[in-house]
Amino acid sequence: MKEKELLDLGYKKYSGDNIDIFFHQEICEHSGKCINGSNKVFDTDRRPWIVADNENYEKVKNIIHQCPSGALKYILK
Ligand code: SF4
């Protein structure tokens, strides 16, 4: 999906150097797979709760693939 489509659907963008992460709060089913995958990138106690550059983008990509709800998306740069 393109960035504009994601933003139009209500996703919020969290930019990184190599990858942009998009998150939709209402779609999230709170499985915690993202946080378990990396609490450096995904930390609900922090604002912003997503910091894309805190891990290698390949790892971030793999974590996002495990999101069961589709609440997380990414676009590689
Ligand atoms: S992995 Fe996806 S559904 Fe699960 S908590 Fe993270 S964003 Fe929400």
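Points worth noting:
- Loop chymotrypsin sites (Phe, Trp or Tyr not before Pro), the chain, which have at most 16 other Cβ atoms in a 10 Å radius of their Cβ (DSSP): TRP49
- Cα point-scatterer Debye curve for the chain, base-10 log of I(q)/I(0) at q = 0.13, 0.20 Å⁻¹: -0.32, -0.80
- Relative contact order [Cα under 8 Å, 6+ residues apart], the chain, whole percent: 38
- In a simple Cβ point-charge model (Lys, Arg +1; Asp, Glu -1; nothing else charged), the chain has a dipole of about 60 debye relative to its Cα centre.
- Coil-residue GluC sites (Glu not before Pro) of region 27-77, DSSP, other Cβ within 10 Å capped at 12: GLU29
- For a straight C-alpha distance cut-off of 20 angstrom, the aspartates and glutamates reachable from LYS59 (same-chain residues fewer than eight places away being disregarded) are ASP17, ASP20, ASP43.
FYI, it's all coordinate maths here, none of it is from the lab. None of these values were measured; they are calculated from a predicted model. With ideal geometry, Cβ positions are generated from the backbone for all residues, glycine too; neighbour counts draw on all protein chains shown.
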